[in-house]
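Visitor: Handing you a structure now.
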Amino acid sequence: MLYYAKTEALRMLRNRRYLIFVVAFPVLLYLINSNIYGNQTDAGGVKYSVILMVSMAAYGALASSMMSSAVPWATERQSGWLRQLQITPLPSWAIIVTKLGATMVLVLPSLVLVSLAAVVQQHVSLSLGTWAELLLALWLGVLPFVALGLAIGSVLSADAAQPAAMICMFALAIAGGLWFPPEVLGDTLRTVADVTPSFHYARLGQSIVAGQGLPMTDVLVVAGWAVALGGAAAYLYHRATVRV
Amino acid sequence: MNAIVFDHVSKHYGDVLAVDDLSLAIEPGNTVALLGPNGAGKSTSINLLLGLLKPTAGTVAVHSRTPDEAVRAGQMGAMLQNGALIPELSVKELIDLVRRLYPHPLALDEILKLADLTELAGRRANKLSGGQSQRVRFALAIAGAPKILLLDEPTAAMDVESRLRFWASMHDYASGGRTVLFATHYLEEADEHSDRVIVIAKGRLAADGTAAEIKAGAGGHTVSFALGEQPAAGLDRLPGVTAVEVAGGVVTLHTSDTDATLAALYRGTTLDVSGLKLSSADLESAFLALTRES
């Protein structure tokens, strides 16, 4: 099973689409934006180079968690690779748990590379404890998105999963204020954004770099979404693989 | 103990009856062909054996266990129809991935050798030809050293040379005392590569035996002669006769025993027999006769 997980991760790292859109894109976006706005500070006195780092790392993590789960999973289900695995001794639950694990690993390059770009290019410096807290929160916080990706991949065909995952990802990125501050959305959309997991996910990171520690509300909302979407993914996975 | 047992197995898809009260048993170590036209229920039977489908009625047993248990124990290997590979992985990585999921797999080198893939080991799966992909899928099927190997129309995408190489590989694997069941609609394949042929049509067992027995069985031989204006009544009651066809003044008797039919034709009837022709039918006409009747 460990070897299976390793192979899963390896294959995505060889996937050009994953590398360009998921790993390189957020780093590039960060470099462009931070060179324009990096020296300004927000109301709380945090430099934009840091805020943008959190936003872009969060965006990269969101993108990789959804793009490396939904489409490959839908494709495998459709193409017969899943059947190939189902007739090996590997238990059915192990397949989806491995997918989850491999996707979590694939989130790390985005997080690490955006942070690295921030340190090297914008000389962002945080205490070791803050770094650890930030990266861990942003890493574990992607769970709802991985679950959503797997749920999409369990229901839709590969052709439909691609746009569905894209739309969900863009909607979550915008609602979470990962591309521009949520204030520009207007009141109605703000209310909607307020319940999305991505909004609270981004707030986790922003609170940590603002030195406010882990906000319990945001942790609970993200965890709640993780449980709800995880349940949905497990149910839909079961439905997709059940033998009748 | 039988390797494979179907006990009054039926499988419905909605209103469609894909497998209809099928009973059969296969002993360990045999290589058996499951022969039938498209839609006969071959793939459904194989999926039932793997636990990928559950029977509507009856039971399927693999070495006295349920298919699910046999799969979990690593006893089953299969080449299914439309089984895709992971494009980003190499042949070697794919095979190693699957073999590591089994408790007592074959060695990687041995698998590559058996499937004739040693030279392609480093190639990515998306750079393989159709026949090469089929060989990789064969390799995945045998990787775990399963006691029972199921092949669902394994040579479908292969050219003539690939087919020959494929069957050689299959025989190498089967020679280790393993049970092989392959589905095909190619009569020659069933004839040449199996110890036993099970013919199914419309989900039912149509014939079961060696290729030679099936050829000799229902409608295996024909006796034809010019009947002219004479009545054909009573010909169907001659010994050995299974079917009578009259066309353009020529009657064709399908028989399982040419000698008995001929003797009765000359001694037991007053017909004027002229233009007599005898033929020992090949498996193809036996197959057509069998699948038409049922």
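Visitor: I'd like the Karplus ³J(HN,Hα) series for the stretch B:155-165: coefficients 6.51, -1.76, 1.60, θ = phi - 60°, whole numbers in Hz, and an x wherever there's a Gly or Pro.
Guide: The phi angles translate into 9, 3, 9, 9, 7, 4, 5, 4, 4, 4, 5 Hz.
Visitor: Follow-up. With charges set only on the Cβ (+1 for Lys and Arg, -1 for Asp and Glu), what does the dipole of the stretch A:1-134 come to about its Cα centre, in debye to the nearest 20? If you can, show how the numbers build up before the last one.
Guide: On the way: 9 positive and 4 negative charges, 104 e Å.
Here the size comes out at about 500 debye.
Visitor: How do B:Glu213, B:Glu119 rank when sorted from fewest to most other Cβ atoms within 10 Å of their own Cβ?
Guide: Working: B:Glu213 14, B:Glu119 9.
Ranking B:Glu213, B:Glu119 by Cβ neighbours within 10 Å, fewest first, gives B:Glu119, B:Glu213.
Visitor: Rounded to the nearest 500, what is the protein assembly as shown's calculated 222 nm mean residue ellipticity when only DSSP H runs of at least 4 contribute -39500 (n - 2.57) each, over all residues?
Guide: On the way: 22 runs with 277 residues, N = 538.
-16000 deg cm²/dmol, from helical runs alone.
Visitor: Based on the Cβ-Cβ distance from B:Thr66 to A:Leu10, what FRET efficiency comes out when R0 is 35 Å, to the nearest 0.05?
Guide: Values: r = 35 Å, r/R0 = 0.99.
Efficiency for this residue pair is about 0.50.
Visitor: With both partners inside the protein assembly as shown, how many of the DSSP beta bridges are antiparallel, as a percent to the nearest 5? All intermediate terms of the calculation are to be shown ahead of the outcome.
Guide: Values: 37 of 55 bridges.
In the protein assembly as shown, approximately 65 percent of DSSP beta bridges are antiparallel ones.
Visitor: Roughly how tilted is helix A:2-13, in degrees to the nearest 10 and between 0 and 90, from the longest Cα axis of chain A?
Guide: Helix A:2-13 sits roughly 60 degrees off the main axis of chain A.
Visitor: Here is a further query. With springs only between Cα atoms under 10 Å apart, run a GNM on chain A and tell me which of A:Met216, A:Met66, A:Met12 wobbles the most.
Guide: A:Met216
Visitor: Further question on the same structure: 7 Å from Cα along Cα→Cβ at both A:Ala240 and A:Glu183: what's the point-to-point distance in nm?
Guide: Simple spin-label model gives 4.1 nm for this pair.
Visitor: Which part of the stretch A:128-151 falls in the paramagnetic zone of A:Ala223, meaning amide N under 13 Å from the point 7 Å along Cα-to-beta-carbon?
Guide: Output list for this probe position: A:141.
Visitor: With unit charges on the beta carbons (Lys and Arg positive, Asp and Glu negative) and the dipole taken about the Cα centre of the protein assembly as shown, which residue among A:Phe25, B:Gly83, B:Gln134 sits farthest to the positive side?
Guide: Positive-end residue among those listed: A:Phe25.
Visitor: Provide the FRET efficiency to the nearest 0.05 for the B:Leu278-B:Asp195 pair, computing r from the beta carbons and using R0 = 25 Å. Can you show the working numbers first?
Guide: Values: r = 29 Å, r/R0 = 1.15.
Computed FRET efficiency for B:Leu278 and B:Asp195 comes out at 0.30.
Visitor: So for chain B: antiparallel DSSP bridges make up what percent, rounded to the nearest 5?
Guide: Numbers: 36 of 54 bridges.
Antiparallel: roughly 65 percent of the beta bridges in chain B.
Visitor: Take each of the peptides B:148-161, B:230-243, average the number of other beta-carbon atoms within 10 Å over its residues, and list them starting from the highest.
Guide: Working: B:148-161: 18.2, B:230-243: 14.6.
Result, highest mean Cβ count within 10 Å first: B:148-161, B:230-243.
Visitor: Continuing with this model, one more query. Helix B:258-268 against the longest principal axis of chain B: what's the angle in degrees, Cα atoms only, rounded to the nearest 10?
Guide: 10
Visitor: Another question, then. List the pairs from B:Lys42/B:Lys215; A:Lys6/B:Lys92; A:Lys6/B:Lys113; A:Lys6/A:Lys99; B:Lys42/B:Lys202; B:Lys11/B:Lys54 whose alpha-carbon separation is above 18 Å, in the order I gave them. Mind showing how you got there, number by number?
Guide: Values: B:Lys42/B:Lys215 21 Å; A:Lys6/B:Lys92 15 Å; A:Lys6/B:Lys113 25 Å; A:Lys6/A:Lys99 10 Å; B:Lys42/B:Lys202 10 Å; B:Lys11/B:Lys54 8 Å.
From the list (B:Lys42/B:Lys215; A:Lys6/B:Lys92; A:Lys6/B:Lys113; A:Lys6/A:Lys99; B:Lys42/B:Lys202; B:Lys11/B:Lys54), the Cα-Cα distance tops 18 Å for B:Lys42/B:Lys215; A:Lys6/B:Lys113.
Visitor: Something else now. For B:Arg178, A:Arg190, which order do you get if you count the other beta carbons within 10 Å of each Cβ and list the fewest first?
Guide: A:Arg190, B:Arg178
Visitor: Measuring from centroid to centroid over Cα atoms, what is the spacing of the stretch A:182-244 and the stretch A:68-111 in Å?
Guide: If we compute the Cα centre of each part, the gap is 22 Å.
Visitor: Net charge around B:Val62, counting only other residues with Cβ within less than 10 Å of its Cβ (Lys, Arg = +1; Asp, Glu = -1)? It would help to have the intermediate numbers written out before the result.
Guide: Details: positive: B:Arg65, B:Lys147; negative: B:Asp68, B:Glu69.
Charge balance in the 10 Å sphere: 0.
Visitor: Calculate how large, on average over all directions, the projected area of the Cα convex hull of the protein assembly as shown is; give the answer in nm² to one decimal.
Guide: For the Cα atoms of the protein assembly as shown, the hull's average projected area reads 32.4 nm².
Visitor: Moving on to the next point. Work from the charge dipole of the protein assembly as shown (Cβ charges, +1 for Lys and Arg, -1 for Asp and Glu, about the Cα centre) and give the residue of B:Gly39, B:Leu276, B:Gln230 farthest towards its positive end.
Guide: Going by the charge dipole, the pick is B:Gly39.
Visitor: Report, by chain and number, residues whose modeled amide H sits under 5 Å from the one on B:Ser10, excluding near sequence neighbours (fewer than 5 apart, same chain).
Guide: So B:Ser10 has HN proximity to B:Asp21, B:Leu22, B:Thr56, B:Ala57, B:Gly58.
Visitor: Over chain B, calculate the relative contact order: mean separation of alpha carbon pairs under 8 Å at least 6 apart, over the residue count, as a percent.
Guide: Details: 603 pairs, mean separation 57.6, N = 294.
Over chain B, the number comes to 20 percent.
Visitor: Could you please report the charge total around A:Pro197, scoring K, R as +1 and D, E as -1 over all other residues with beta-carbon less than 12 angstrom from its beta-carbon?
Guide: Neighbourhood net charge equals -1.
Visitor: Name the residue from A:Phe145, A:Leu204, A:Tyr4 whose Cα lies farthest towards the positive end of the charge dipole of chain A, charges +1 on Cβ of Lys and Arg and -1 on Cβ of Asp and Glu.
Guide: A:Tyr4
Visitor: Just how large is the dipole of the stretch B:83-241 about the Cα centre, in debye to the nearest 20, putting +1 at every Lys and Arg Cβ and -1 at every Asp and Glu Cβ? Each step should come with its number before you reach the end.
Guide: On the way: 18 positive and 21 negative charges, 110 e Å.
That gives a dipole near 520 debye.
Visitor: If you don't mind, there's one more thing I want to ask. Between B:Gln81 and B:Asp236, take the C-beta separation as r, use R0 = 41 Å, and let me know the FRET efficiency to the nearest 0.05.
Guide: Details: r = 41 Å, r/R0 = 0.99.
The calculated FRET efficiency here is 0.50.
Visitor: Let me test this: with uniform point scatterers at the alpha carbons of the stretch A:178-244, what is the Debye-based log₁₀ I(q)/I(0) at q = 0.21, 0.22, 0.27 1/Å?
Guide: -0.90, -0.95, -1.13
Visitor: Let me ask something additional. Under a no-solvent Debye model with one identical scatterer per Cα of chain B, what's log10 I(q)/I(0) at q = 0.08, 0.15 Å⁻¹?
Guide: For the requested q values the scattering log ratios are -0.43, -1.08.
Visitor: Right, here's the next one. So, with +1 on the Cβ of K and R and -1 on the Cβ of D and E, and no other charges, what is the size of the charge dipole of the protein assembly as shown about its Cα centre, to the nearest 20 debye? Let's see the in-between values first.
Guide: Details: 39 positive and 44 negative charges, 333 e Å.
My answer is approximately 1600 debye.
Visitor: If eta is 1.002 mPa s and T is 20 °C, what Stokes-Einstein diffusion coefficient results for the stretch B:92-190, Kirkwood Rh from Cα pairs, in µm²/s?
Guide: Details: Rh = 13.7 Å.
It comes out at roughly 157 µm²/s.
Visitor: Give me B:Ser224, B:Ser279, A:Ser207 sorted ascending by neighbouring Cβ count inside 10 Å, so fewest comes first.
Guide: Numbers: B:Ser224 17, B:Ser279 13, A:Ser207 20.
Going from least to most buried by this count: B:Ser279, B:Ser224, A:Ser207.
Visitor: Now a separate question. Across bins of 10 angstrom width beginning at 0, how are the C-alpha pair distances of the stretch B:1-158 distributed, in whole percent?
Guide: Going from the shortest bin to the longest, the percentages are 11, 37, 33, 17, 3.
Visitor: Quick check: convex hull of the Cα atoms in the stretch B:19-62, volume per residue, rounded to a whole Å³? Can you show the working numbers first?
Guide: On the way: hull volume 3.7 nm³, N = 44.
Hull volume normalised by residue count: 84 Å³.
Visitor: Still on this structure, please answer the following. Which number comes out as Rg/Rh for chain A once both Rg and the Kirkwood Rh are worked out on C-alpha atoms? Before the final figure, lay out each step's value.
Guide: Numbers: Rg = 18.1 Å, Rh = 18.4 Å.
When Rh is taken as the Kirkwood radius, the ratio is 0.99.
Visitor: Measuring from label point to label point, each 7 Å out along Cα→Cβ, what is the A:Trp131 to A:Asp194 span in nm?
Guide: Placing both labels 7 Å beyond Cα along the Cβ direction yields 3.7 nm.
Visitor: Return the whole-Å distance between the Cα centroid of the stretch B:171-220 and the Cα centroid of the stretch A:117-167.
Guide: Distance between centres, Cα-based: 54 Å.
Visitor: Name the most mobile residue of A:Phe21, A:Phe199, A:Phe145, meaning the one with the largest mean-square fluctuation, in a Gaussian network model of chain A with Cα contacts below 10 Å.
Guide: Highest fluctuation of the listed residues: A:Phe21.
Visitor: Which distance in nm do the two modelled labels at A:Ser92 and A:Tyr3 give, with both placed 7 Å along the Cα-to-Cβ direction?
Guide: Here the answer is 2.5 nm between the modelled labels.
Visitor: Right, another one. Give me the one-decimal Kirkwood hydrodynamic radius in Å for the stretch B:35-86, with the sum taken over alpha-carbon pairs. Don't skip to the end; give the middle numbers.
Guide: Numbers: mean 1/r = 0.0824 Å⁻¹.
After inverting the pairwise mean of 1/r, the radius is 12.1 Å.
Visitor: Tell me the angle of helix A:158-175 to the major Cα principal axis of chain A, expressed in degrees between 0 and 90 and rounded to the nearest ten.
Guide: Around 20 degrees separate the two axes.
Visitor: For B:86-93, what's the mean count of beta carbons from other chains sitting within 10 Å of each residue's beta carbon?
Guide: Numbers: counts 11, 5, 10, 5, 1, 0, 0, 5.
Across the residues of B:86-93, the mean count of other-chain Cβ atoms within 10 Å is 5.
Visitor: Still on this structure, I have one more. Antiparallel DSSP bridges in the stretch B:75-195: what percent, to the nearest 5?
Guide: Values: 1 of 10 bridges.
Counting DSSP beta bridges with both partners in the stretch B:75-195, the antiparallel share is about 10 percent.
Read-outs throughout are calculated quantities, based only on the coordinates presented, and are distinct from any laboratory measurement. Bear in mind the structure is a predicted one, so any value in this text is a computation, not a measurement. Cβ: placed from backbone, ideal geometry, glycine included. Neighbour counts: every protein chain shown.
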